[in-house]
Amino acid sequence: MPRRRTTLLALSGLTAGVLVAGAPATAAAGGSPPGKQPLAVGTGGAVATVDPDATRVGLDVLADGGNAADAAVAAAAALGVTEPYSAGIGGGGFFVYFEAATGKVFTLDGRETAPLAMGAGAFLDDEGNALPFQEAVRSGLSVGTPGTPLTWSRALEEFGTLSLAEALQGGIRLADEGFVVDETFRQQTAENEEKFRRFQPTAELFLPNGALPEVGSVFRNPDLARTYELLAGKGAETAYTGELAEEIVRTAQDPPEAAGTGDVRPGLLDTVDLARYDVPFREPTRIDYRGLEIYGMAPPSSGGSTVGEALNILELFPLSSMPDVPALHHYLEASALAFADRNVYVGDPAYTQVPLAQLLSDGFAAERACAIDPGTASVTPVAAGSPDGQYGPCPAEDRPTAGAGAEGPSTTHLTVADAAGNVASYTLTIEQTGGSGITVPGRGFILNNELTDFTFKAADPTRPEPNLPAPGKRPRSSMSPTIVLDDGRPVLALGSPGGSTIITTLLQTLVNRIDRNMNLAEAIAAPRASQRNTATTDAEPAFIAAYGPALEALGHEFTSVAELGAATGIEYLPGGLVLAAAETERRGGGSAGVVHEVLDTAGGPGTGDPRLAPELGNG
Ligand code: GLU
């Protein structure tokens, strides 16, 4: 298919993203963005991502005989092209995998690390005040060692059947041929415009010809295609000890500012940081919830511990027999309690003693559950509990509180299930939407700003703060890739972006599916609220419209936010079917697909088909 470039863009050089206007309507030549489908049911495996091209790339791998690990890496590489502001080789993530052959859940920690030169005061100014957050975001200082290239190669080595070179082919093709710009991509570019203009290679790539990409045009990223080719040829090592590593370090240390900018803080990242970087296996978190086994990501993510603690608390209440309002009241209360503990106790386990087993113990949950009054909302923020193994009927009153932290609203989650029963639940990110805004010149990808997930300054200097920066440390995350087993077999897997709201999106979606009689697509589509131990609860307008007054009568207070999260998930249904689910509306809708479609789900999530919502566990 010949590609037509507009003359000006062709002249703007090879580093520019290339827009093709007015060409015939194929993916490579513009037209309508590919259609999105939030629910699919069938056989042969399933993929759910935020993006139709990435879902298609994953499904192609499955259809060609690849397994869930292969398809997850291939889809992630595709997301690096089509969702470059949320994910890519400049960032990190957590890869959670159920391996059918062993019946075990594994997790790979591809979180970014702080440079060895980074001390506790890295995000303070000369007077000891925290740097303005947005200034820290768009700086070299916020760039941690990218974990994603090594996560991909390790995931393939450990679980896959494809080489990295093979798994990158779909992404290479997409970067080279281009994807059709949709409203979400244009909108996200617009929201980042100011940041992107500060960095010359970023402006050239994502604001070609100085303008926002047009909806319906084709966006190509030949630089990224070549970078993927480099990874395919030389392996992920090139990003840690090879030429790509050197370019990353140079870019973080001396960000390529546009003329007239001059106020970007340089980074501390050095070649030694990349050379010593590793993607370790971590024990997953595991809790039992209504007869199901819920596996999540352990620290440095707070996802598994916080979702797990809240579920342990909720298990003590009969949610499935409650009407919506009391069920949601308990959900909000358990979430506030678990967040209070997360904020005080969770950080990188190599630097702080995280009392993980106690945080996830039934005894601690029972003590924390004492704080829930079925008829009255707690005054938030609530105090943290004492996960010390000594659990009386009720906790003491005088415990510390802590704020919720300031992670951004970006990231992407993809979920893949194959016909053999392997499942990948993979959340990856460059932190903020648009990351640091710093593109590695000539390489087509943006560096993360993950180090802004550190706490810049302890709220209470008399208490230990588990999430201050330190040399080589991983900032605390909220990413919560989750896999649910029933009697050792996978039934459900899901995840979401959304900074610290990831945790509440996971929690609410699990409660919706397991306790509130919704199918997975309905559970994802349902309006969300997020209580993170803050004075008021963030909630989507539809949530406030449906439940606000009744919950306010119990003492809850809501702050309206446009949307929370962008979840994707899969579920194995009885009869050998697999269901893929994605958002209907949030972030412009997601994309669910199966290799062989069996049920007609054109009616959308609320088909009311009971086959889509079999009873899970004893919820
Ligand atoms: N950096 C965030 C975290 O690790 C994720 C960013 C987001 O989803 O907004 O928790």
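Only one residue in Ala523, Ala542, Ala535 is at pLDDT 95 or above, of a type in the set (Gly, Ala, Ser), under 22 Å from Ser320 (Cβ atoms) and not in a strand (DSSP E or B). Which one?
Numbers: Ala542 fails: under 22 Å from Ser320 (Cβ atoms); Ala535 fails: under 22 Å from Ser320 (Cβ atoms).
When all the criteria are applied, what remains is Ala523.
Tell me whether the stretch 442-452 contains one or more residues that are at pLDDT 95 or above and surrounded by fewer than 20 Cβ atoms within 10 Å (Cβ to Cβ).
Let us first name the residues in the stretch 442-452 that are at pLDDT 95 or above, namely 442-452.
Imposing the further condition that a residue be surrounded by fewer than 20 Cβ atoms within 10 Å (Cβ to Cβ) reduces the set to 442.
The answer is yes, given that some residue of the stretch 442-452 is at pLDDT 95 or above and surrounded by fewer than 20 Cβ atoms within 10 Å (Cβ to Cβ).
Checked against the criteria, Val41 does not count as of a type in the set (Val, Ile, Thr), within 16 Å of the ligand (Cβ to nearest atom), in contact with a strand residue (DSSP E or B) (Cβ under 9 Å, 6 or more places away or on another chain) and outside any helix (DSSP H, G or I). Out of the stretch 257-280, which residues are touching a Lys or Arg at 6+ places or on another chain (Cβ under 8 Å) and among the aliphatic types (A, V, I, L, M)? Hits for the stretch 257-280 are Ala258, Val264, Val279. May I ask you to verify whether Lys457 is in contact with a strand residue (DSSP E or B) (Cβ under 9 Å, 6 or more places away or on another chain), over 18 Å from Ala338 (Cα atoms), at pLDDT 95 or above and not β-branched (Val, Ile, Thr)? Yes: the conditions hold for Lys457.
What is the residue count in the stretch 301-332 for residues that are assigned to a helix (DSSP H, G or I), among the hydroxyl-bearing types (Ser, Thr, Tyr) and under 20 Å from the mean Cα position of the chain (by Cα)? Break it down into steps so the answer makes sense when it comes.
Residues of the stretch 301-332 assigned to a helix (DSSP H, G or I): 303-314, 319-321, 324-332.
Narrowing the set further to residues that are among the hydroxyl-bearing types (Ser, Thr, Tyr) leaves 305-306, 320-321, 331.
Add one more test, that the residue is under 20 Å from the mean Cα position of the chain (by Cα), and what stays is 305-306.
Number of matching residues: 2.
Residues that are outside any strand (DSSP E or B) and within 16 Å of the ligand (Cβ to nearest atom) were ranked within the stretch 482-501; the one that is surrounded by the most Cβ atoms within 10 Å (Cβ to Cβ) is Ser496. In the set (1) within 16 Å of the ligand (Cβ to nearest atom); (2) closer than 21 Å to Arg587 by Cα; (3) not in a helix (DSSP H, G or I), the condition left unmet by Thr505 is number (3). Would you confirm whether or not the stretch 275-293 contains a residue that is touching a residue at least 24 places away in the same chain (Cβ under 8 Å), in contact with an Asp or Glu (Cβ under 7 Å, 6 or more places away or on another chain) and β-branched (Val, Ile, Thr)? There is at least one residue in the stretch 275-293 that is touching a residue at least 24 places away in the same chain (Cβ under 8 Å), in contact with an Asp or Glu (Cβ under 7 Å, 6 or more places away or on another chain) and β-branched (Val, Ile, Thr).
For the stretch 424-445, give me the residue count where each residue is closer than 12 Å to Gly144 by Cα and either small (Gly, Ala, Ser) or away from the ligand (no atom under 11 Å from the Cβ) (or both). The qualifying residues number 2.
If you go through the stretch 446-472 and keep only what is in a loop (DSSP other than H, G, I, E, B) and either closer than 19 Å to Pro256 by Cα or within 14 Å of the ligand (Cβ to nearest atom) (or both), you end up with Leu447, Asn448, Asn449, Phe454, Thr455, Asn467. Whether any residue in the stretch 275-282 is touching a helix residue (DSSP H, G or I) at 6+ places or on another chain (Cβ under 7 Å), basic (Lys, Arg) and under 30 Å from Ser361 (Cβ atoms) is what I want to check. So far as the stretch 275-282 goes, no, none of its residues is touching a helix residue (DSSP H, G or I) at 6+ places or on another chain (Cβ under 7 Å), basic (Lys, Arg) and under 30 Å from Ser361 (Cβ atoms). Filtering the stretch 120-139 to residues that are in a loop (DSSP other than H, G, I, E, B) and either of a type in the set (Val, Ile, Thr) or surrounded by 15 or more Cβ atoms within 10 Å (Cβ to Cβ) (or both) leaves Ala120, Ala122, Phe123, Leu131, Arg138, Ser139.
From the list Ser425, Ser335, Ser410, which one is out of contact with any strand residue (DSSP E or B) (no Cβ under 7 Å at 6 or more places or on another chain) and either in a loop (DSSP other than H, G, I, E, B) or at pLDDT 95 or above (or both)? If you could, list the steps in order and put the result at the bottom.
On the way: Ser425 fails: out of contact with any strand residue (DSSP E or B) (no Cβ under 7 Å at 6 or more places or on another chain); Ser410 fails: out of contact with any strand residue (DSSP E or B) (no Cβ under 7 Å at 6 or more places or on another chain).
Testing whether each residue is out of contact with any strand residue (DSSP E or B) (no Cβ under 7 Å at 6 or more places or on another chain) and either in a loop (DSSP other than H, G, I, E, B) or at pLDDT 95 or above (or both) leaves just Ser335.
Hey, does the stretch 509-520 have a residue that's within 21 Å of Leu612 (Cβ to Cβ), touching a residue at least 40 places away in the same chain (Cβ under 8 Å) and within 16 Å of the ligand (Cβ to nearest atom)? For the stretch 509-520, residues within 21 Å of Leu612 (Cβ to Cβ), touching a residue at least 40 places away in the same chain (Cβ under 8 Å) and within 16 Å of the ligand (Cβ to nearest atom): present. Is it the case that the stretch 190-207 has a residue that's touching a residue at least 60 places away in the same chain (Cβ under 8 Å), within 23 Å of Ala136 (Cβ to Cβ) and surrounded by fewer than 16 Cβ atoms within 10 Å (Cβ to Cβ)? Taking every residue of the stretch 190-207 in turn, at least one turns out to be touching a residue at least 60 places away in the same chain (Cβ under 8 Å), within 23 Å of Ala136 (Cβ to Cβ) and surrounded by fewer than 16 Cβ atoms within 10 Å (Cβ to Cβ).
So which of Tyr572, Tyr547 is of a type in the set (Phe, Trp, Tyr) and either under 30 Å from Leu62 (Cβ atoms) or modelled with pLDDT under 95 (or both)?
Going through Tyr572, Tyr547 in turn, the sole match is Tyr572.
Only one entry of Ala613, Ala545, Ala602 meets the criterion of being over 24 Å from the mean Cα position of the chain (by Cα) and buried (at least 17 other Cβ atoms within 10 Å of the Cβ), and that entry is Ala613.
The values are calculated or read from the model by the stated rules, or taken from the named source; none is laboratory data. Quantities reported herein were computed from a predicted structural model and do not represent experimental measurements. Using ideal geometry, Cβ is built from the backbone for each residue, glycine included, and neighbour counts are taken over all protein chains shown.
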